[in-house]
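For reference, the structure discussed in these notes is given below.
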Amino acid sequence: MRDAGVRTAIEIKYLAALFRGCVGGESFDLPHQAAQDISRHDVIKDITRVELLLADGFADDGYILVLSNDPGYWRPGRTATTIDNAFRLHDQRVLEGTLAWGPGASAGTTVRRSMPLSLAGRYICRWRPYSSPTTEDRRQSEFRYLLLPITTPANAPSEGSLRPQPPVPIAQPRLVGAPPRRERRSWRSLVPSPRAPATGRSLWPRSCPR
């Protein structure tokens, strides 16, 4: 996002638990997403991604925004031995250093997420009230949000940098009587393509029944 010449990188996560009800005259039907361990990891991954954008000069400031109606995200865990303990986001949790899965994490959980995540900054999780809508069965629910301003040392390239790299020549076997051949890779081929959005039930509101 660009506003008044300032480039801001924002990553948004909507971590939903089951909710059915009407809010402001609109009907909402949110599915229970579960997989809290993976969602916590992905929030930390978003932090590292925004840190890279800042370090490489693609953004001037950055934020992580998480909205959830699942208390499991802002409440501390009952034990410190869970596989995702390093990625927990509960209120007042300090995020810093290198974070990794705990022993016992299955291959199904860590697929495409196995590498430890290193944070350049230090972040304190402070969940704030967002709304308290009533469900269709007249139970009170609660939504909270987590907003993390992202910081990173100015102009400090880090591992996994998104900054363009010079082309890398690749030596090819030389054939007798043939001139040597060289190929070059563009730096663009070194940058992973954006992850396709996950499919699922629509979260868009629809009109309430009259």
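Quick look at the values:
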read-out	value
Segment 81-111: number of residues that are farther than 13 Å from Ile44 by Cβ and loosely packed, with under 14 Cβ neighbours inside 10 Å	8
Test: residue in segment 12-34 that is under 25 Å from Gln92 (Cα atoms) and of a type in the set (Asp, Glu)	no
Restricting segment 18-35 to residues that are part of a loop (DSSP other than H, G, I, E, B) and touching a strand residue (DSSP E or B) at 6+ places or on another chain (Cβ under 7 Å), the residue that is nearest to Ser118 (Cα to Cα)	Gln33
Qualifying positions in segment 1-47 - among the aromatic types (Phe, Trp, Tyr) and within 20 Å of the chain's Cα centre (by Cα)	Tyr14
So Gly72, is it surrounded by fewer than 15 Cβ atoms within 10 Å (Cβ to Cβ), outside any helix (DSSP H, G or I) and either in contact (Cβ under 8 Å) with a residue 12 or more places away in the chain or touching a strand residue (DSSP E or B) at 6+ places or on another chain (Cβ under 8 Å) (or both)	no
Qualifying strands (runs of 3 or more DSSP E) (wholly inside segment 112-173; at least 2 residues being at pLDDT 95 or above and either of a type in the set (D, E, K, R) or surrounded by 13 or more Cβ atoms within 10 Å (Cβ to Cβ) (or both))	117-124, 127-131, 143-150
Single residue of Ile64, Ile47, Ile83, Ile38 found to be within 19 Å of Tyr145 (Cβ to Cβ) and outside any strand (DSSP E or B)	Ile47
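The values are calculated or read from the model by the stated rules, or taken from the named source; none is laboratory data. This is a predicted model, so every value here is computed, not measured. FYI the Cβ positions are ideal-geometry reconstructions off the backbone, even for glycines, and counts take in every protein chain you see.
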